[in-house]
Each structure stands twice: as structure tokens, then as C-alpha cells.
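Encoded as C-alpha cells, the structure appears first; notes follow it.
Computed from the coordinates by the stated procedures, all read-outs in this text should not be read as laboratory data. These numbers were taken from a predicted model, which means no experiment stands behind them. Here the Cβ positions follow ideal geometry from the backbone for every residue, glycine too, while neighbour counts run over all protein chains shown.
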Amino acid sequence: MHPFTATRPPQLAWLLGMAGLIPFVSGALGIWITPVGWRPLVLAALLDYAAVILAFMGAIHWGLAMRAEQDDLRAQLQLGLSVIPPLLGWAAVSFGLPAALAIPVFVLAFVGLYLADLRAVRLGLAPVWYRPLRMPLTVVVVACLLIAWAGVLAG
């Protein structure tokens with residue numbers, strides 16, 4: 001079966017994706033279970049990791065767009081959109097936004113990124129198996145960020 005028509009993600013992609021969730025899960029739980037004095041460190045680590053992952057995911061879209069024909073306007077749009085996730089992540093962590101504002105920025109960025117993932121599959125820029133890989137990963141990432149946000153708001 002051709003890798004672009006396979007409907008199930010390769011096992012290695014699945015395993016690496018699941019492993020990539022460890023910092024999100026541990027950060028979200030850490031906000032709730034670590035001593036108060038450690039929580040700012042846990043939160044900073046979680047947000048830094050989220051920014052790194054947004055940059056990584058944006059780079060995937062950059063690579064997908066590079067594979068298309070140069071005059072493909074859809075791919076050019078994908079290329080332009082690929083820089084938005086890392087810029088949002090960078091802005092959220094480097095502008096000193098309070099966590100109560102930075103976390104919703106990350107949530108929106110990951111949801112938007114998932115919509116871009118769906119678009120890339122629909123346009124044939126990404127393999128069919130990318131959608132079933134990205135959906136559960138996005139759900140867990142967003143859930144973890146919301147759990148962390150609740151912890152921040154709870155004080």
C-alpha cells in the first residue's frame with residue numbers, strides 16, 4: 001500500500017506521537033500535584049514545550065507545502081500558514097503573557113493547527129493516515145492545556 005493512501009498511521013509515528021504527549025500530561029498534572037513553590041517552574045516548562053511543539057508542527061506544514069508544485073496556490077497558502085503556529089507559541093512565551101492568557105492562545109493555536117492538518121489531508125498534501133494520528137494527539141494536548149489552565153485559574 002502506498003504511504004499516502006494508508007489509513008492507519010505507521011507504528012513508529014504513533015509511538016513517537018504518544019511519547020510526545022508525556023510532557024503535556026506531566027505538566028498538566030504537575031500544576032495540580034506539585035508543591036506551590038514548584039508550580040511556576042512546571043508551568044513554564046509546559047508552555048515552553050507547547051511552543052516547541054507548535055514550531056515542530058508548523059515545520060511539518062512547511063515541508064508538506066514544499067512537496068507540492070511551485071504554482072499550486074493551495075500549497076503556497078499552506079506554506080504561509082505554516083509560520084503562524086511557531087509565531088503564536090513564541091509570542092505566548094516571550095512577551096511575558098500571564099499564564100491565564102497564554103494558555104488560551106496555545107489552545108487556539110493547537111485547534112487551528114488541527115484544522116490545518118485536516119486541510120492538508122483533504123488537499124492531498126498530507127497522507128490519509130495523518131488525520132487519525134493528529135486527532136487523538138490534539139485532543140490530549142488541548143485537554144492537558146485546559147487542565148493546566150484550570151489549575152492556574154484556581155490559584
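Take the eigenvalues of the Cα gyration tensor for region 1-84, scale each by 5, and report the square roots as semi-axes in whole Å, largest first. Numbers along the way, then the final one.
Working: eigenvalues 233, 68, 9 Å².
Calculated on Cα positions only, the semi-axes equal 34, 18, 7 Å.
If we sort 47-60, 68-81 on the protection proxy, mean other Cβ atoms within 10 Å, highest first, what's the order?
Descending packing order for the listed peptides: 47-60, 68-81.
Provide the FRET efficiency to the nearest 0.05 for the LEU101-ALA13 pair, computing r from the beta carbons and using R0 = 30 Å.
Plugging the Cβ-Cβ distance into 1/(1 + (r/R0)^6) gives 0.35.
Per residue of region 14-29, in order, report the coupling 6.51 cos²θ - 1.76 cosθ + 1.60 (Karplus, θ = phi - 60°) as ³J(HN,Hα) in whole Hz, putting x for Gly and Pro.
Calculated HN-Hα couplings, in order: 5, 5, 5, x, 5, 5, x, 7, 3, x, 5, 5, 5, x, 5, 5 Hz.
Would you work out the relative contact order for the chain, in percent, from Cα pairs under 8 angstrom that are 6 or more residues apart?
Details: 175 pairs, mean separation 54.1, N = 155.
Taking the mean separation of contacting Cα pairs over the length of the chain, I get 35 percent.
Counting C-alpha atoms alone, how compact is the chain: give Rg to one decimal and Dmax as a whole number, in angstrom.
In order Rg, Dmax, the Cα atoms of the chain give 16.5, 55 Å.
What number, rounded to the nearest 500 deg cm²/dmol, is the helix-based mean residue ellipticity at 222 nm of the chain, given -39500 (n - 2.57) per DSSP H run of at least four residues and division by all its residues?
That comes out to -25500 deg cm²/dmol.
Could you run the Karplus curve 6.51 cos²θ - 1.76 cosθ + 1.60 with θ = phi - 60° over region 63-75 and give me ³J(HN,Hα) per residue in whole Hz, x for Gly and Pro?
Ordered by residue, 3J(HN,Hα) equals x, 4, 5, 5, 6, 7, 5, 4, 8, 7, 4, 5, 5 Hz.
So what is the relative contact order of region 48-128, in percent, for Cα pairs below 8 Å that sit 6 or more residues apart?
Computed over region 48-128, the figure is 36 percent.
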